[in-house]
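Please read the structure below before turning to the comments.
The values are calculated or read from the model by the stated rules, or taken from the named source; none is laboratory data. Note that the coordinates shown come from a computational prediction; the quantities given were computed from them, not determined experimentally. No Cβ is skipped: glycine too gets one built from the backbone with ideal geometry, and neighbour counts run over all protein chains shown.
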Amino acid sequence: MLALADCNNFYASCERVFQPHLQNKPVVVLSNNDGCVIARSNEAKALGIKMGEPAFRLKDIIKSKNIQVFSSNFALYGDMSKRVMSTMREEVKRMEVYSIDESFMDFSGEASPEEKAIALRKKVLQHTGIPISIGIAPTKTLCKVAGLIAKKHTKTGVFLLNDKKLIERALKWLPVEDLWGVGRKHASFLKNVGINTAYDLCNADNSWIKRHLSVIGLRMVKELRGTPCFGLEENAKQKKNICTSRSFGKKVNKLEELKESVSSFASDCAYKLRQQKSCATRISIFITTNPFNPNAKQYKGLTSIKMDTPTNDSIEIVRLALQALEKVYRDGYVYKKAGVVVSDIVPQSQQQLSLFDNLDRKKHQKIMSSLDLINNKMGKDKVRLAVQGHQRKWRLKQERLSPCYSTQIKEALVIKL
DNA sequence: TCTGGGGTCCTAGGACCC
DNA sequence: TCTGGGGTCCTAGGACCC
């Protein structure tokens, strides 16, 4: 038996923990650049605010319904996530952190899984202030179904889905597009051929499912029928690709400004590589214009460089990223977004030196360790490469940013008695 | 004026090998 | 007139997830 714990409206809930007067009020959290809605409290959902809706279209309703709006504060959400996860980990044998706001847990051998879940939910709420829902079932995909029911149709926030009859009822109730693993494209395809519910899909033929939804779809259906295909993965795997990208808060058209941002993204990728103790062999960069602006000339520049020796050295990765940038940059466009991706990742311990390598890697490694030490202590990019610049005009728009209550001592809540 | 960021996996097709 | 069979590796694109 597995359980899936899911934080309710996670980002909005994080903001409310530190501003309890916002309980029962509509709250939304915006994406980077205050671009579009990425989290909504139940009250905001009830007002009809859609996921991904651009913020500028919501101006009127925000005012008329007095909706509380926040810029996204990922330092806060990441830290709150850690607290929720560690609270749950104290109570279960095995656990997989599946995303920032979800975890799968081993509930096998629990005499009363529902009571266990209710107690867990209570503890998380008490210790962190974050409300969660828990779905319990024999497979991950069924846990997802149980979680949906827990969230929408229970008072306890907990739902156990293990009885055959009950599973059948649930699958007949569940629209196929709400299944974990069925996205927009597959959903519209399935509806076109008359498959409307999860139950309909379960009755489809295996080879037909594989042909149209690939083996991933087939695994999902097998899980719905009760056969586990996805195990609990306790250890976080090393990432195979690492990307840092941003949309710009203002218009960027000069190569110089792009250089500042691209070198910052590259240096961030190198930092992430060092954090997971791995090296990359390929570095890619992309720059794009604003696809939403119908009047702008459109351009997408994308290129990558393969290296002889895997590296996680900021200096080297930044240098290559800038080389790549020179290749794809075209004058005369207004750029909206840029990004750096590092891939072909190998563990740092398996770094294979090239025969013709002439970089003093030991020395560079020392520089990188010092850099990380200082920046971890004093703040991100406190010490950086000169090419990363100091004006940073491209940086994010964040007009409604809440304090980093739990990660910056200066921003901690002060309670006056 | 104004539309996020970061991932995974699978498949098809091309280039290449013997 | 006529051109096999069996592989691997790589990449781009598309689907999905949060």
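Assorted remarks:
- Evaluation of A:Lys152 against the conditions (1) farther than 28 Å from A:Phe18 by Cβ; (2) modelled with pLDDT under 95 shows that the sole unmet condition is (1).
- Scanning the stretch A:157-169 for residues that are under 12 Å from A:Cys202 (Cβ atoms) and buried (at least 22 other Cβ atoms within 10 Å of the Cβ) yields a count of 1.
Yes or no, residue by residue, for (1) touching a residue at least 60 places away in the same chain (Cβ under 8 Å); (2) more than 21 Å from A:Ser133 (Cβ to Cβ):
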site: A:Lys45; (1), (2): no, no
site: A:Ile61; (1), (2): no, yes
site: A:Ile67; (1), (2): no, yes
site: A:Phe104; (1), (2): yes, no
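- Scanning the stretch A:179-221 for residues that are under 21 Å from A:Ala146 (Cβ atoms), away from DNA strand B (no atom under 13 Å from the Cβ) and in a helix (DSSP H, G or I) yields A:Ala187, A:Ala198, A:Tyr199, A:Asp200, A:Leu201, A:Cys202, A:Val221.
- For the stretch A:97-135, a residue qualifies if it is more than 13 Å from A:Phe159 (Cα to Cα), of a type in the set (Ser, Thr, Tyr) and crowded, with 16+ Cβ neighbours inside 10 Å, and the qualifying residues are A:Ser103, A:Thr128.
- Residues that are within 16 Å of DNA strand C (Cβ to nearest atom) and either not in a strand (DSSP E or B) or not aliphatic (A, V, I, L, M) (or both) are absent from the stretch A:250-259 altogether.
- Among the conditions (1) in contact with a Ser or Thr (Cβ under 9 Å, 6 or more places away or on another chain); (2) away from DNA strand B (no atom under 16 Å from the Cβ); (3) outside any helix (DSSP H, G or I), the only one that A:Gly135 does not satisfy is (1).
- Subset of the stretch A:1-35 (residues that are within 16 Å of DNA strand B (Cβ to nearest atom), without any contact (Cβ under 8 Å) to a residue 60 or more places away in the chain and surrounded by 18 or more Cβ atoms within 10 Å (Cβ to Cβ)): A:Asn9, A:Ala12, A:Val28, A:Val29
- Restricting the stretch A:37-48 to residues that are away from DNA strand C (no atom under 15 Å from the Cβ) and under 21 Å from the mean Cα position of the chain (by Cα) leaves a set whose member that is farthest from A:Arg16 (Cα to Cα) is A:Lys45.
- The sole residue among A:Lys254, A:Lys259, A:Lys300, A:Lys222 that is without any contact (Cβ under 8 Å) to a residue 24 or more places away in the chain and surrounded by 15 or more Cβ atoms within 10 Å (Cβ to Cβ) is A:Lys222.
- Restricting attention to the stretch A:49-89 and to residues that are within 16 Å of DNA strand C (Cβ to nearest atom) and of a type in the set (Lys, Arg), the residue that is modelled with the highest pLDDT turns out to be A:Lys82.
- Matching residues in the stretch A:378-416 - criterion: being outside any loop (DSSP other than H, G, I, E, B) and either modelled with pLDDT of 90 or more or over 30 Å from A:Leu30 (Cβ atoms) (or both): A:Ala386, A:Val387, A:Glu411
- Within the option set A:Lys151, A:Lys164, A:Lys140, being among the basic types (Lys, Arg) and more than 13 Å from DNA strand C (Cβ to nearest atom) holds for one residue only, A:Lys164.
- The residues on offer are A:Lys59, A:Lys45, and the sole one that is part of a helix (DSSP H, G or I) and over 30 Å from A:Ala117 (Cα atoms) is A:Lys59.
Each row is one residue, and each column tells you yes or no for (1) within 18 Å of the chain's Cα centre (by Cα); (2) under 14 Å from A:Cys7 (Cβ atoms).
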{"site": "A:Arg83", "(1), (2)": "yes, yes"}
{"site": "A:Ser112", "(1), (2)": "no, no"}
{"site": "A:Glu115", "(1), (2)": "no, no"}
{"site": "A:Arg121", "(1), (2)": "no, yes"}
{"site": "A:His127", "(1), (2)": "no, yes"}
{"site": "A:Ser133", "(1), (2)": "no, yes"}
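- Qualifying residue in the stretch A:17-28 (condition: within 16 Å of DNA strand C (Cβ to nearest atom) and either of a type in the set (Val, Ile, Thr) or assigned to a helix (DSSP H, G or I) (or both)): no
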